[in-house]
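Colleague: Shown below is the structure under consideration.
FYI, it's all coordinate maths here, none of it is from the lab. Just so it is clear, the structure is predicted and the values come from calculations on it, not from any experiment. Methodologically, a virtual Cβ is constructed for each residue, glycine included, from the backbone with ideal geometry; neighbour enumeration extends over all protein chains shown.
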Amino acid sequence: MPAGTFRGDVFGLGDPGQSCPGSLEAAYEEFRLRLDDGRQLVLPTDRIKLSRGGFDGLHIIVEGQAETGENLYISLQDELLLDHLSHLGPAGLRETARQLQQQGRSTRTWATLSLTVFLALLALAGFGLWLGFGWLVERAVGMVPPSVEKSLGQIVVEAVASDKKKLTQGPAFEAAMKIWNRLLPAVPAGHPYTLQLHVIDDPMVNALAAPGGQIILFTGLMKEVASAEELAGILAHELQHVLKKHPLKGIMQKAGLAVVLGTLFGDAGALTVVIREYGGKLAELSYSRDQEREADRLAVELLVRANIDPTRFPEFFRRLQSKGGNLPAALAILSTHPGHEEREQALQAQFRLLPATTYEPIGIDWAGLKAALTGAEQGR
Amino acid sequence: MKFEIIQPGSYAMIKVTLARGEAIKAESGAMVAMHPNLDVEGKVDGGMFGALKRAVLTGESLFFQTLKASRGDGEVYIAPAVPGDVTILELNGANHFFLQKQSFLASDDAVSIEAVSQGFFKGLLSGEGMFIQKATGKGTLAISSFGSIYKISLAPGQQYIVDNSHLVAWAGTVTYDVQKASSGWFSSVTSGEGLVCKVNGPGDVWFQSRNPGAFGSWIRQFIPAKG
């Protein structure tokens, strides 16, 4: 394309709204238009009006009457046209071309600035939401009535234990209930729950807290602990998760903003759907390190009130972690209870503050129980 | 390269016939059937930043699919995800089009599709979103609508009113303003129209016969409440 020639879209040639592409040659005396369909038109420069237009305000609009009488509207996007006219164009168009160049720069700057501000506000809103999400979850959890929480907990228990045997008798059940009954009287009054322990016959090495006062204990964990006091520590720890509503908070955090906002506005329906859908995956729900430390600290206080030796509690995790790499089953409880080393340090610091005392043993022959459980398993 | 509309109407589809070496790009997942001479691959069109911008700002897929006649001539059939018509636009290098988000269906590989802002208030009130797509370059472009699609051609300075959420595409020379449907707010709201787009020529404007948001509201009344 020769210098001083610019591509554009030309209206006003026939049907209204129909355009034809062409090339505009901007000479000093006249603008010569060569349309792609072969037609040629001439616009004397004294009949030409220059402006900005188009959807983004950045098109250069050349309007004028051709020598043959057509009222033409030419839309161009080549900024070099204005550069050309401001230097080499007829005197009447030079100043307008310069003004349009300035207007174009302002439009572009404004568009870039407004996009940048919009994206920055979007990022800021996202960051604010991320920061405030924990606070929203706390408020939403507070809005769920205990009766709804209990129903949600039952859905979780059913989902976790749906294809497994729930024990109601036998040595494992009786041992678990003996520990449970030592702990319950030491739980501070004032909570809204009916605390329930579900013993599930399953090799998974784990215990879970579900919403609404429900705790699930797998017999696989009972075979891994070395004493009733170790298990009492774990159950006391899970009890604190329940009392502090950690499972509900964890589920809400996983469920996302829509469920949290729905709950805040009094619609627990979305939360029920999420729990029905994902309740079975509660075993994969891990708590924050802060929540774990809080559950540890309060568990030790509960054990002390129940007159159970609290120093045995961390032994289980210490032992499991030392052989964790070789024990796939251990990964379940290790993965859902993060930060063992710092938790151990915090627990040891708490133990040092305890008065020297002799605790009352729970009184279960744990080695005998494990042998009975293993024997029962082999006998199946 | 030849674009044809097959079965125009509510379930329209396009057939693109390609000579060996030619390629088109299409909305991700839009390919229905193709000749074995063609290869299909995902492509981050416009570079990672351009694709991210398009995906984040207009809700389009991060990837376009490129369909290339690598081993000889062949044809490909392409259809949009929602029921609706398809129309074909020509980019001649001098013109360009703006598309409402998600109306891009397919185009010549040389056509560039990028996300652009249409301004805060227009984005908020037009029903077309804060960001729209701009198609530039030279080649054929196929766009899809929800419901049927209709074109009006406006002379320079000619105006027309289109209800918001019904605009599908418009030429780069067309501008629009969002305004009340009636002179008073009460009348605007009670007429059921609320806000409308006043488009100004010159250029072509394509609008769709159905409003996706209104259809969503209509269908929600038949969905049982959760619980």
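Colleague: Would you order A:Trp135, B:Trp206 from fewest to most other beta-carbon atoms within 10 Å of each residue's own beta-carbon?
Modeller: So the ranking, lowest neighbour count to highest, is A:Trp135, B:Trp206.
Colleague: While we're looking at this one, here's another question. Specify the angular offset, from 0 to 90 degrees and rounded to the nearest 10, of the alpha carbon long axis of helix A:146-161 from the longest principal axis of the alpha carbons in chain A.
Modeller: Helix A:146-161 and the main axis of chain A meet at about 80 degrees.
Colleague: Then there's this: May I ask you to derive the FRET efficiency for B:Glu41 and A:Leu122 from their Cβ-Cβ distance with R0 = 41 Å, giving the value to the nearest 0.05?
Modeller: E(calc), rounded to 0.05, equals 0.85.
Colleague: Turning to a different aspect of this structure: What does the net charge come to around A:Glu294 if you take all other residues with beta carbon closer than 12 Å to its beta carbon, with K and R at +1 and D and E at -1?
Modeller: Residues close to A:Glu294 contribute a combined charge of +3.
Colleague: Are there chymotrypsin sites (Phe, Trp or Tyr not before Pro) in the stretch A:19-73 that DSSP puts in a loop and that have at most 15 other Cβ atoms within 10 Å, and which ones?
Modeller: Counting only loop positions with at most 15 other Cβ atoms within 10 Å, the chymotrypsin sites (Phe, Trp or Tyr not before Pro) in the stretch A:19-73 are A:Tyr28.
Colleague: For A:Trp180, A:Trp110, B:Trp170, what ranking results if the residue with the fewest other Cβ atoms within 10 Å of its Cβ goes first?
Modeller: A:Trp110, A:Trp180, B:Trp170
Colleague: For each pair in A:Lys223/A:Lys254; B:Lys101/B:Lys180; B:Lys15/B:Lys198; A:Lys150/A:Lys370, compute the distance between the two Cα atoms and list the pairs where it is over 25 Å.
Modeller: Over 25 Å apart, Cα to Cα: A:Lys223/A:Lys254; B:Lys15/B:Lys198; A:Lys150/A:Lys370.
Colleague: Let me ask you something else. Per residue of chain A, what 222 nm ellipticity follows from adding -39500 (n - 2.57) for every DSSP H run with n ≥ 4, rounded to the nearest 500?
Modeller: -17000 deg cm²/dmol
Colleague: Fewest Cβ neighbours within 10 Å first, please rank A:Leu80, A:Leu235, A:Leu167 accordingly.
Modeller: A:Leu80, A:Leu167, A:Leu235
Colleague: Between beta-carbons, use under 11 Å as the cut-off and find the net charge around A:Arg32, counting Lys and Arg +1, Asp and Glu -1.
Modeller: That works out to -3.
Colleague: In addition: Given R₀ = 56 Å, FRET efficiency for A:Asp46-A:Leu129 by Cβ-Cβ distance, to 0.05?
Modeller: According to the calculation, E is roughly 0.40.
Colleague: Using only the alpha-carbon atoms, how far is helix A:91-143 inclined from the longest principal axis of chain A? Give it as 0 to 90 degrees, nearest 10.
Modeller: Rounded to the nearest ten degrees, it is 10.
Colleague: What does the charge count around A:Ile179 come to, taking other residues whose C-beta lies under 13 Å from its C-beta (Lys +1, Arg +1, Asp -1, Glu -1)?
Modeller: Neighbour charge sum, excluding A:Ile179 itself: -3.
Colleague: In whole angstrom, note down how far apart the Cα centers of the stretch A:107-121 and the stretch A:1-43 are.
Modeller: The distance from the Cα centre of the stretch A:107-121 to that of the stretch A:1-43 comes to 34 Å.
Colleague: Taking loop as defined by DSSP and a crowding limit of 16 other beta carbons within 10 Å, which GluC sites (Glu not before Pro) in the stretch A:1-54 fit?
Modeller: A:Glu29
Colleague: Right, another one. What is the calculated FRET efficiency for B:Glu4 to A:Lys223, with r their C-beta to C-beta distance and R₀ = 60 Å, to the nearest 0.05?
Modeller: Using R0 = 60 Å, I get an efficiency of 0.30.
Colleague: Still on this structure, please answer the following. Gaussian network model of chain A, Cα springs within a sub-10 Å range: biggest mean-square fluctuation belongs to which of A:Thr311, A:Thr109, A:Thr168?
Modeller: Most flexible of the set in this elastic network: A:Thr109.
Colleague: For A:Ala372 and A:Trp110 in one chain, what is 0.36 nm times their gap in residues minus the Cα-Cα distance, to one decimal in nm?
Modeller: Between A:Ala372 and A:Trp110, full extension yields an extra 86.4 nm.
Colleague: Next question. With the crude spin-label approximation of a point 7 Å out along Cα→Cβ, what separation in nm comes out for A:Ser162 versus A:Ala91?
Modeller: 8.9
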